[in-house]
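For reference, the structure is listed below as structure tokens.
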Amino acid sequence: MKQGKAKIELGKVRAAVASPVLPKRHHNNQTTVRSVQSNDDVDAILIHQLPATLDLRPHAALVTDHVLVELAIAIMQRKLTISHLRIAGCNAFSAVGMRSLVHAIGPHLKSLDYSASIVKRDVLKVLVTRLEDLRELDFSSCATLSSDVLRDFMPCCNHTLEKCNLAHCNLVNDEGGLTQCANLKSLNLAHSPLVGDRGLAALGVGCGALQFVSFEGLINITDTGMVKFVAGCMALRVLHLKRCVTDRSLAAIGAHCHHLRSINLCGCGRISTTGMTTLVLGATQLQAIDVQGCNLLTEEVLCVVATNLPALQLLNVNGCQQITDNGIRTLADHLPYVTSATHFRGLEPLANATNLKFATHQKTIAHSAAIRLQAWYRGHLGRIQAASWRRIQLEVPAAKRLKQWYMMLRLVREVNRRAFATSVARRSATTIQALVRGFLVRARLDRDANNMFRLHVGNVAATKIQTRYRGHFVRHGTTMVNQALHRMRVRVAEQRRVRCAVMVQRSYRARLNRCRLVEITHVNSLRRRQCHDAASKLQRLYRSRAARAQTAVLRRAMEEHKAWKRHQVRVAVRLQSNWRRHAARRTIDAARVAHAERVAKRHAGATAVQRVGRGWLGRKKALVRRTQWMAQTAAAKRLQRWWRRCLAPRANTVAYQSLVAQIKLQLLAEAADAEAKTQAMLQKDRRKHDMDSASEADSEDDWYAYPGTNGQPWWFSPSRDQRQIVRPNCYAIAKSMVGLGVRVYWPFEATWFQGRIVKYCTSKRKHKIEYLDGDKEWSVLDDVEVGHLQLFNHECWLMYDNYVASERATKAALYVNVRLQRYDVATFAWKTGKIRWFDDTSGLFCVAYDDAISAVNGSVGGDEMVDLLGCEDDFQLQDRRSFEWMGPGAYFFGPAYAATRVQDYMDYTGPYEEPMPNDVVDGGGGYGDDGNMWNNEGGEAVAYGDWTENDYATNEWNDGNLDSTWVSEHQEDLIADDGGFAAAD
């Protein structure tokens, strides 16, 4: 049926091509001559063709639509199978002729060569309709081939294409449409200047089976595109990169392409010895290297090649001025299969390199066979010696154990077999039902299509038969009329005289009859005109009445429809108002509950603050009173001693008091010097911390862990002059956005660009965004125009102003950008890295390790999602100031609480999370970028260096410094007393 349809279409095309351009009188002769010439051309083309190949390149000038139609007819008549079509340079045909040829070739075409031609979109559309198994495609040197045309053509061969040549196609860019060819193995994009990094990245994602690639002369590609390309195409064997890459690309190639056999780096003047070393260390199977014109390479590369590439057969170093001939000869001496090249600077294969390889493999096989024979013989001797002992000590218990194990294995296999048979039967039944139903549907569709096709074919055939018969009848009837006319002329000549008389009579009678006919015709025409006018008037009246009735019906229907629409609108408005009222009530109720909770928390916080403040005031008053009492007691004692001394002055007493005064003065001077030195050291330490970049108020590293004298640890910030009972969680909301998807609207391009937030800078208050196209930027999200920024909260996209971080994500932001180490049970060592972000949906942290190998799949540069909350015993975090490693819980509560857990931190609600008044925030009582204040137990800022002075848990400091304080206050009195005593003496 398909062949019959194809023949009918070929006949239509042939008639359309041959008939319209010829004059009508000479149509048959010119058609015959042209058919003979076309048949000769077709025979001349087909006689020199290879099996399964149609090569039209030698006959490009003769290939027109008519020739293609004749070729299609000849191929169908001879039943030829064409797998390879070569139409390079053939520009004289159109889609009409190509449609005939494609229908004749059918779905057997596997190779198409359309290079160096003017590519036409309609021709490619015709090709798409019949290509089902195309594996090789050549569009090289097609100046008119654009990415749009190529993208429309590629879907027909995405799953079958294995080789594609797009060299010297100046209009092909990154949107070429090759990204879905999963089976593509060979690709040539040489000298296609519009291809860039986005195209290479797309090839790396969709064409992972590539083995032979040529990127020669691609001036718009960079290392970024090459890194993404080789990361996805790890099966590369041959790679041409003339004048394209640098050391970064070579490092990526060496890390991913371990099966690489040949690489061409001609003209890559920016590659150095470091890049070549990383390439050779990674791709140890290289056999051919071409580095012409790479001036930065030194002879160190030859050392790496000699030690890591034993199978090297070709090395071209023309233009490498730092590589000497002596180094090349030395390298040739150390490699078994190469020798110094004669036509270029480098190495070339030996004449007997193949035989040497075969001999080496043969020796290796012989050595392995000898070792295996020796091992078998020694094992045989050992088995003979242990046979007797095995029979007595091992065989019986082993036999029982083997029997038990065998029975268990049989039982397990039987159970698995039955389960598998049941599942297979169910799947088979489902598959059979699906196949049967599909077959029935397709059979019904095929019957309908066949019936329609038969009807169409019958109509066309009947039309053609009728046309041919009528033409034949007209031509045959014309010949008979001519003969009858000839006989009639003979009879007329014989009866001319008789006819003259008859004609005179007939003329006279005709004159009379015509006069009568004119009168009758006039009367009849007048009657017909009257009847026509009457009928027209009746029709006009009836049609106007029918139109008015129909208009009234339509008007009533329109009024009813409008009324129904108004009713629908009223109902919809009522439903919307009810739902919005319900939603508003729910929102108001939730807001009231939240407000009540906030008020309760505020009252509780105020109570706690008041309790702490009153305690501090009480202790302060008690200290003042105690100091006054002790001062009064000391003054009274001194007065008593002085009075007694006055009552009984003695020389020894005076000398003793003078000595005591001198000793006290010396002690006071030493104490003053010590105090001055202490103040100088404290001032120096303050300046040191002031000069430290981490001491800025914007830094979150400016927190120190101090153990209190009462066992309570503290966190102290010199720049903020504060202390906290727990580590503050600065910039929690800003850091909780790290790892979320983001979309930014660019007004100039009128496009949304999608990416991910990967980092947050606390000093500049900026987020780093990496877009999917490879671009990166630092941006202040609060400064972005409203409506131009969206975030993906793991469930849906929402505007930036509507983003609300969960409590768990806000708390987990404490660990973002913190150094982490994990104990690896495989290597029995700690793996260090840094926490990048927290995934709120899965509860996992994204960790980037310091080493290049990911812990998940061994890929270079990969990140790992770890369960820090569930396996915290395997992790440790590093304090940024002290560089001390501690557990995740201790990182928040302090090193003194070694038994704390991350879950304790997640459940912990401290006063540092309570909102504080604006006057406290502005006054420096606490610091928090997210609107949350951490607690300040002291109620006042603690000066840096005076930590123990505010610790009122013990009175050691106050008691120890009381005498020195009193002495400093009464130093002048002591000096005066000493003078008085001396005068009295």
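Which residue, of Met234, Met226, is assigned to a loop (DSSP other than H, G, I, E, B) and within 20 Å of the chain's Cα centre (by Cα)?
Just one listed residue meets the conditions, Met234.
Yes or no, residue by residue, for (1) closer than 22 Å to Gly282 by Cα; (2) in contact (Cβ under 8 Å) with a residue 40 or more places away in the chain; (3) of a type in the set (Lys, Arg); (4) surrounded by fewer than 20 Cβ atoms within 10 Å (Cβ to Cβ):
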{"position": "Val305", "(1), (2), (3), (4)": "yes, no, no, no"}
{"position": "Leu315", "(1), (2), (3), (4)": "yes, no, no, no"}
{"position": "Asn318", "(1), (2), (3), (4)": "no, no, no, yes"}
{"position": "Gln322", "(1), (2), (3), (4)": "no, no, no, yes"}
{"position": "Arg329", "(1), (2), (3), (4)": "no, no, yes, yes"}
{"position": "Asp333", "(1), (2), (3), (4)": "no, no, no, yes"}
{"position": "Thr339", "(1), (2), (3), (4)": "no, no, no, yes"}
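Consider Val213 carefully, then state whether it is over 19 Å from Ala143 (Cβ atoms), touching a Gly at 6+ places or on another chain (Cβ under 7 Å) and not in a loop (DSSP other than H, G, I, E, B).
no
Mind listing whichever residues of the range 767-792 are aliphatic (A, V, I, L, M) and part of a strand (DSSP E or B)?
Correct list: Ile769, Leu789, Leu791.
What are the pairs with Cβ atoms under 9 angstrom where one residue, in the range 801-822, is in the same structural domain as Glu884 (by TED's automatic domain parsing) and over 18 Å from Gln878 (Cα atoms) and the other, located anywhere, is exposed (fewer than 14 other Cβ atoms within 10 Å of the Cβ) and aliphatic (A, V, I, L, M)? Sequence gap at least six, or different chains.
Asp801/Val786
Are any of the residues in the range 113-129 modelled with pLDDT of 90 or more, under 20 Å from Asp55 (Cβ atoms) and outside the structural domain of Asn91 (by TED's automatic domain parsing)?
no
Spot the failing condition for Pro310; the list is (1) closer than 14 Å to Leu331 by Cβ; (2) modelled with pLDDT of 85 or more, and only one is missed.
Failed condition: (2).
Do the conditions hold for Lys185, that is, is it within 24 Å of Arg57 (Cα to Cα), surrounded by fewer than 19 Cβ atoms within 10 Å (Cβ to Cβ) and of a type outside the set (Asp, Glu)?
It is false that Lys185 is within 24 Å of Arg57 (Cα to Cα), surrounded by fewer than 19 Cβ atoms within 10 Å (Cβ to Cβ) and of a type outside the set (Asp, Glu).
When the residues of the range 232-241 are filtered to those that are surrounded by fewer than 20 Cβ atoms within 10 Å (Cβ to Cβ) and either out of contact with any His (no Cβ under 8 Å at 6 or more places or on another chain) or touching a residue at least 60 places away in the same chain (Cβ under 8 Å) (or both), which remaining residue is farthest from Asn295 (Cα to Cα)?
Gly232
For residues in the range 19-48 being more than 13 Å from Ile87 (Cβ to Cβ) and in contact with a strand residue (DSSP E or B) (Cβ under 9 Å, 6 or more places away or on another chain), which is modelled with the lowest pLDDT?
Looking at residues that are more than 13 Å from Ile87 (Cβ to Cβ) and in contact with a strand residue (DSSP E or B) (Cβ under 9 Å, 6 or more places away or on another chain), I get His48.
Looking at (1) aliphatic (A, V, I, L, M); (2) under 24 Å from the mean Cα position of the chain (by Cα); (3) at pLDDT below 90, find the lone condition where Val213 falls short.
Exception for Val213: condition (3).
Please go through the range 739-756 and give me each residue that is part of a loop (DSSP other than H, G, I, E, B), surrounded by 10 or more Cβ atoms within 10 Å (Cβ to Cβ) and among the hydrophobic types (A, V, I, L, M, F, W, C), ordered by number.
Listed by number, the list holds a single entry, Leu740.
Would you confirm whether or not the range 842-863 contains a residue that is charged (D, E, K, R) and at pLDDT 85 or above?
No, the conditions are met nowhere in the range 842-863.
Which ranges mark the strands (runs of 3 or more DSSP E) fully within the range 797-842 that have 1 or more residues being buried (at least 19 other Cβ atoms within 10 Å of the Cβ) and within 27 Å of the chain's Cα centre (by Cα)?
Output list reads 819-824, 829-839.
Tally time: how many residues in the range 757-781 are under 16 Å from Ser736 (Cα atoms) and either exposed (fewer than 11 other Cβ atoms within 10 Å of the Cβ) or among the β-branched types (Val, Ile, Thr) (or both)?
Selection size over the range 757-781: 5.
The values are calculated or read from the model by the stated rules, or taken from the named source; none is laboratory data. Quick caveat, the model's predicted, so the values are computed rather than measured. FYI the Cβ positions are ideal-geometry reconstructions off the backbone, even for glycines, and counts take in every protein chain you see.
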